[in-house]
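Trainee: Mind looking over this structure? Questions follow.
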Amino acid sequence: MTNANTSSEIKSIITRAMEQNPENKEIIKAFAPIIIRQRELADQPFTKKLDCSLIDKNKLKAGVPVSRQIDLCLAEDSLKEIALSLASAVKEGMPKLTDNIDKISGLIEEGKINPADYFKTAADGEEKAADGWAEDLKISPSNTSFLISLVGRVVLEKRAKEIMETLGAFDWEKGYCPICGEFPSIALIEEEGGKRFLHCSSCGQDWRFTRISCPYCEKETRQDMEYFYVENKTQEAAFICDHCKKYLVTLYRAGKLFARDMDVSAISLIHMDILMQGKGYEPMSICAWNVLS
């Protein structure tokens, strides 16, 4: 699919989401330019590919995600252009952040911030690079982390596509993502057969997972698990686990008439996040749109 087709399709999905969820129109509208830009950038593969021969399918079967087997961000990856492109999208959707984002963008252009450093995990558990930049360069830590996390989504989505094209199908039975190891942000239950698919907003990967277990704690006690529904919205729900006190917004697909973007769907269900967090549950995955306190 070309960038033009990608942009056209995602714009149609976003427009339909705002029409179907008018109460959440403003937050969908704010994230729209970001998601459109992320999808366009993710369609452009990196010049250097990963050495996928290092990925052990036996380890995958045992529950070891790809991110714990090989580095998904290479030294050769140029993230500066991705960061600056996404900075422009953030300003378009969230103009109140313009001054802070401009300052961060300037530091990236000057080479004082290297986005790749954000993805390097120190062995001794030191704070992430964003916190160090904020202290040394006097910039907003939350805005810096926000922008660089958006870059991370593009990097990981590119790599997830590359990995899946190379590996093909493989066994995976965990509730966390087989690519990056993060927990899902939303689930989709198919109308035919009732299969549940989990979606990772960190890398865009989808995978099938049993409906009788909690993805987060893997407990199978039915008395501790249930679905919460909003009246008159039977296609929207939140999976609740009283064992770990986590929830997962869930969408029921009624047919396959329209294309879907699972991140747009997750943002469209922000009212479910508000309800569940108000009841004392926490999301399985922290996303930029579901941090409500």
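Trainee: For SER67, only one of the following conditions fails: (1) out of contact with any Gly (no Cβ under 8 Å at 6 or more places or on another chain); (2) polar (S, T, N, Q); (3) under 15 Å from ARG153 (Cβ atoms). What is its number?
Mentor: Of the numbered conditions (1) out of contact with any Gly (no Cβ under 8 Å at 6 or more places or on another chain); (2) polar (S, T, N, Q); (3) under 15 Å from ARG153 (Cβ atoms), the odd one out for SER67 is (1).
Trainee: Quick one: in region 241-252, which of the residues that are surrounded by fewer than 22 Cβ atoms within 10 Å (Cβ to Cβ) and part of a strand (DSSP E or B) is modelled with the highest pLDDT? Don't jump to the end; show me each part of the working.
Mentor: Just the residues of region 241-252 that are surrounded by fewer than 22 Cβ atoms within 10 Å (Cβ to Cβ), to begin with: 242-246, 251-252.
Those still in the list that are part of a strand (DSSP E or B) too: 246, 251-252.
On the way: LYS246: 96, LEU251: 92, TYR252: 89.
Ranking the qualifying residues of region 241-252, first place goes to LYS246.
Trainee: Can I ask one more? If a residue must be farther than 19 Å from GLU190 by Cα and surrounded by 19 or more Cβ atoms within 10 Å (Cβ to Cβ), how many such residues does region 226-240 contain?
Mentor: The qualifying residues number 0.
Trainee: Considering LYS138, LYS174, which residue is over 29 Å from CYS52 (Cα atoms), of a type in the set (Lys, Arg) and open to solvent by 20 Å² or more (accessible area, probe 1.4 Å)? Walk me through it before giving the result.
Mentor: Details: LYS174 fails: over 29 Å from CYS52 (Cα atoms).
Within the list LYS138, LYS174, the selection yields LYS138.
Trainee: May I pose another question? Is it the case that region 73-93 has a residue that's part of a loop (DSSP other than H, G, I, E, B), modelled with pLDDT of 95 or more and out of contact with any Phe, Trp or Tyr (no Cβ under 6 Å at 6 or more places or on another chain)? I'd like the intermediate steps shown before the answer.
Mentor: Going through region 73-93, the residues part of a loop (DSSP other than H, G, I, E, B) turn out to be 73-79.
From what's left, modelled with pLDDT of 95 or more: none.
There is no residue in region 73-93 that is part of a loop (DSSP other than H, G, I, E, B), modelled with pLDDT of 95 or more and out of contact with any Phe, Trp or Tyr (no Cβ under 6 Å at 6 or more places or on another chain).
Trainee: Also, I was wondering about something else. Which members of region 260-293 meet the condition of being surrounded by 16 or more Cβ atoms within 10 Å (Cβ to Cβ), out of contact with any strand residue (DSSP E or B) (no Cβ under 6 Å at 6 or more places or on another chain) and hydroxyl-bearing (Ser, Thr, Tyr)?
Mentor: Hits for region 260-293 are SER268, SER285.
Trainee: Now a separate question. Here is a list: PRO22, PRO65. Which entry is open to solvent by less than 40 Å² (accessible area, probe 1.4 Å) and either of a type outside the set (A, V, I, L, M) or in contact with a Pro (Cβ under 9 Å, 6 or more places away or on another chain) (or both)? Full working, then the answer.
Mentor: On the way: PRO22 fails: open to solvent by less than 40 Å² (accessible area, probe 1.4 Å).
Going through PRO22, PRO65 in turn, just one is open to solvent by less than 40 Å² (accessible area, probe 1.4 Å) and either of a type outside the set (A, V, I, L, M) or in contact with a Pro (Cβ under 9 Å, 6 or more places away or on another chain) (or both): PRO65.
The values are calculated or read from the model by the stated rules, or taken from the named source; none is laboratory data. Given the structure is predicted, the values throughout are model-derived calculations rather than measurements. Neighbour counts are summed over all protein chains in view; Cβ atoms, including those assigned to glycine, are modelled from backbone coordinates with ideal geometry. Surface accessibility is based on the protein's heavy atoms, side chains included, excluding ligands, DNA and RNA. Shrake-Rupley method; radii C 1.70, N 1.55, O 1.52, S 1.80 Å.
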